[in-house]
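These notes concern the structure reproduced below.
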Amino acid sequence: MPSIKLASSDGEVFDIDVAIAKQSVTIKTMLDDLGIEEQGDEEPVPLPNVNAGILRKVIQWCTYHKDDPPPQEDDENKERRTDDIPSWDQEFLRVDQGTLFELMLAANYLDIRGLLDVCCKTVANDQRKNTRRNTQNFQY
């Protein structure tokens, strides 16, 4: 399996399978446009908006989900759910709020729809829990 090198904003280089990297529409488009996959380019792809810690987590998520079907397009008429987060993703996203938001930004920047969706659902669920807790504390 061909691999590609990704360089985080703080200079750490990760060597990963191209198939895993292509879960990012941003990276897939770049590889397809430049034909890097066939050439086996040794130069790392710079990712200036993603630090090493977050990139490591993104790669972990993509590796786990490598065999998932591509996410479906949004249907504006369909009700959006936040209670359908798989248990592995729930555990994976059990991180502090700062890390969760950095993962969300990285997923958006790299255009990894599945990761962005579960991050957004997790934030929505956390907000809902906090709102309930604050409401209960406010009641007399």
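Throughout, read-outs are computed from the coordinates displayed, never taken from laboratory work. Just so you know, these numbers come straight off a predicted model, no measurement behind them. Glycine gets a Cβ as well: all are built from the backbone with ideal geometry, and neighbour counts include every protein chain shown.
Before moving on, here are some points about what is shown:
- Neighbour net charge for residue 59 - beta-carbon separation under 13 angstrom, K R +1, D E -1: +2
- Derived scalar couplings ³J(HN,Hα) [the range 107-123; Karplus, 6.51 cos²θ - 1.76 cosθ + 1.60; whole Hz; x for Gly, Pro]: 4, 5, 4, 8, 6, 10, 4, x, 5, 4, 4, 5, 5, 5, 5, 5, 4
- Per-peptide average of other Cβ atoms within 10 Å, ordering 13-24, 95-106 highest first: 13-24, 95-106
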